[in-house]
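Here's the structure, in structure tokens; my notes come after.
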Amino acid sequence: MRLVSLLPSATEIVYALGLGDDLVGVTFECDEPPSARAEKTVVVGGKDTSGLTPGQIDAYVRGRLAEGGDLYTLHADALAGLAPDLILTQDLCRVCALPSGHVTDALDHLGCRADVVSLDPYSLDEVLGTIRAVGEAAGVPERADEVIGGLRAGLAAVATAVEGRPRPRVTVVEWVDPPFTAGHWVPDLITAAGGDPVAASGGKRSVQTTYAELAAPQPEIVLVTPCGFHLDGAIEQARQVIPYFPDAQVWAIDADGLIVRPGPRLVDGVEAIAAILHPTAVPPRPGAIARVS
């Protein structure tokens, strides 16, 4: 089966299922494993925002969406040339990846036939369910069960390590300018790591808020997990929020690696968060987390 992934988390799922050799197309953002983008055909492109501030990125996104424009470009001819059997996409967030409707329209226009599976989880359990969905669509459900079993074992190990310990109040800042609170599966990660997620929207979309609202529950720990950034970028942005939380620890996390992509590494994210919340119970995760205040 020839597979195409139109979002980074799906690429990670494909490799976790041992299907990397069957993957023929990826997006310009697929960087895990690092070889994926170099070895596969890139069928989705987008704007390079590496030189923009969070506020400038937000303004660009809002402007494009207000114009009815797209944030991503589907290289339809390249996609057709790959003759895929299965395409993995999403409808969860227009800011995060190309919607599935765009893919279906392109296939119809090109006269291509492929199964299109949309992965749209809103909770940690649903993320694990998408692994099963990809496994079934790709004809390897038993591999999916093995992967999910391993991930659930990791979650159980963290639960055992933090059992009975006080649960610190945790605020997650998913974007710093303007501030967005954490939504979707992120509050589940906090709970699984032994914390109490406050000012959060579990199972719902992330929403714009104010720093006053984020600080109102008096969090003991603030996690900065900006979508689209790894640890270095998260550290830089975490420094900007310190004045709003003078009585809390402020930490940066490798967001793209561990928090915002709904794939297998979310369990690594739970372990990293647990190391912050309960450092005497869970080993540290150097390179994945950093305290900035």
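Cβ-Cβ below 9 Å, separation at least six or inter-chain, first residue in the stretch 266-281 and in the same structural domain as residue 170 (by TED's automatic domain parsing) and buried (at least 21 other Cβ atoms within 10 Å of the Cβ), second part of a helix (DSSP H, G or I) and of a type in the set (Lys, Arg): which pairs?
Between residues of the stretch 266-281 that are in the same structural domain as residue 170 (by TED's automatic domain parsing) and buried (at least 21 other Cβ atoms within 10 Å of the Cβ) and residues that are part of a helix (DSSP H, G or I) and of a type in the set (Lys, Arg), the close pairs are 267/152.
For the stretch 232-254, what are the residues that are free of Cβ contacts under 8 Å to residues at least 60 places away in the same chain and polar (S, T, N, Q)?
Passing the criteria: only 249.
Out of curiosity, is residue 250 assigned to a loop (DSSP other than H, G, I, E, B) and under 18 Å from residue 236 (Cβ atoms)?
no
Search the stretch 213-264 for residues being crowded, with 24+ Cβ neighbours inside 10 Å and charged (D, E, K, R), and hand back the single one that is farthest from residue 28 (Cα to Cα).
Restricting to residues being crowded, with 24+ Cβ neighbours inside 10 Å and charged (D, E, K, R), the top hit is 254.
Among what's in the stretch 187-212 and is in contact with a Phe, Trp or Tyr (Cβ under 9 Å, 6 or more places away or on another chain) and not polar (S, T, N, Q), pick the residue that is surrounded by the most Cβ atoms within 10 Å (Cβ to Cβ).
Only one residue fits best here, namely 202.
Please work out if residue 257 is in contact (Cβ under 8 Å) with a residue 60 or more places away in the chain and not in a loop (DSSP other than H, G, I, E, B).
Judged against the criteria, residue 257 is a match.
Residue under question is residue 38, and the condition is that it be more than 20 Å from the chain's Cα centre (by Cα) and either of a type outside the set (A, V, I, L, M, F, W, C) or exposed (fewer than 15 other Cβ atoms within 10 Å of the Cβ) (or both); does it hold?
yes
Output the residue which, of all residues in the stretch 179-210 that are among the small types (Gly, Ala, Ser) and modelled with pLDDT of 95 or more, is farthest from residue 277 (Cα to Cα).
Checked the stretch 179-210; the qualifying residue farthest from residue 277 (Cα to Cα) is 192.
The values are calculated or read from the model by the stated rules, or taken from the named source; none is laboratory data. If you're wondering where the values come from, they're calculated on a predicted model, not measured in any experiment. Note: ideal-geometry Cβ built from the backbone for every residue, glycine included; neighbour counts use all protein chains shown.
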